[in-house]
1. Any idea how far apart residue 214 and residue 172 come out in nm if each label point goes 7 Å out from Cα toward Cβ?
2. Would you mind classifying region 235-313 by shape? Square roots of the alpha carbon gyration tensor eigenvalues, ordered a ≥ b ≥ c; an a/c under 1.5 is rounded, otherwise it is prolate if a/b is larger than b/c and oblate if not.
3. Taking the simple approach of a point 7 Å from Cα along Cα-to-Cβ for both residue 301 and residue 284, what is their distance in nm?
4. Using alpha-carbon positions, what is the distance between the centroids of region 81-113 and region 260-315, in Å?
5. Classify region 273-315 from the C-alpha gyration tensor, please: rounded if a/c falls under 1.5, else prolate or oblate depending on whether a/b exceeds b/c.
6. For region 185-246, what class follows from the C-alpha gyration tensor (a ≥ b ≥ c being the square roots of its eigenvalues): rounded when a/c is under 1.5, otherwise prolate if a/b is larger than b/c, else oblate?
7. For a quick protection proxy, order the peptides 264-275, 94-105 by their average other-Cβ count within 10 Å, most packed first.
8. Write out the GluC sites (Glu not before Pro) in region 272-315 meeting two conditions: DSSP loop, and at most 11 other Cβ atoms within 10 Å of their Cβ.
Amino acid sequence: MLHGEAKEIMHRASANEKRSARFQLAPPQSAIQQSAHCSGRGATMHLQQSNLASMVSVENISNTYELVDFRMIAPVFRSGSIPLSIISQACEEIQKMLGYAALRFTQGGIDRKRVPKEVYEGLDLRLAGILPGSSRLLIAAAAHRGLFDDGIAKHSIQRIFSVLESEGHGEDFLEAVMDLGPSSARKLRDFLRIIRSHSAELELTWSYVGQQVHHWKGNHVVICKVTQALENDQLKNQSTLLVRGVIEMLSKRERIHLRSDTGELLRILFSKKLFGPVTELHLDQSVSLRCQVTETENTITKESSTYYELIDVVG
């Protein structure tokens, strides 16, 4: 677990080091044999994406891991050092955020209370390194990508990026939060609160097999907007409903587009556990679907949206 690794790092810190000293960290997992090392002179340099592939090589992370570089940018971090309490808090929130996102993707449902052990085992989260520039946490998650399956980690990371890219605005934000799930969204909120409390910026770089997949950077203003939107997002109503209609599209984003008997176009989210029944459906098919219907609202802007999630295919 990332939180446990951060605590172990604290115990390994030398008694002779000053509190603000730069340090070299070695995660305990056997898959990572050598932690990244930056010289004191290079500690203030901002390493660019071109260096990321070499970091992965040094870390001995195989091609089966997604790598997300969480870079926290603030004057207090410019020396390349960071309080250990911040590392511990950030790792805990990131771990739970990814865990709940993976649970939402694989099993569906709203507002799960805990992440089962097997979900964390599937993600195999690793603290791959803590580097200066300003202060960076390299988090690795097992990819498990295949010919017909992109893997749990990829979908979970994508949903986190979608919330951040919405910048807390409009229906895009509400839909992204619903895809991510309320539990994971709360952990994202708590992580962003850490960033906000230090008037910091946040830069995320997601890579796979040494290639950049996605990049996002939010300044302090954007961080405040997204955090506030997450703080004010609220579930208004939940119910179960049997909907009937004709399938107009089966989306790669785990959605069924259904034209209901009343003429309304419904976008219905489905989890990985329902991939089997959904693959038996086809375009222009008349179906009956049992769905969980959730209405969300931003308590400040009063923007609201209604979302459908598939429970089962009735016929």
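1. 1.3 nm
2. Prolate shape, in that a/c is at least 1.5 and a/b is the bigger ratio.
3. Between residue 301 and residue 284, the label points sit 3.9 nm apart.
4. Centre-to-centre distance over Cα atoms comes out at 26 Å.
5. Cα axes put region 273-315 in the prolate bin.
6. The shape class here is oblate.
7. Going from most to least packed, we get 94-105, 264-275.
8. 280
Values quoted throughout were computed directly from the atomic coordinates according to the rules given, and no laboratory measurement underlies them. Just so it is clear, the structure is predicted and the values come from calculations on it, not from any experiment. Backbone-built Cβ (ideal geometry, glycine too); neighbour counts: all protein chains shown.
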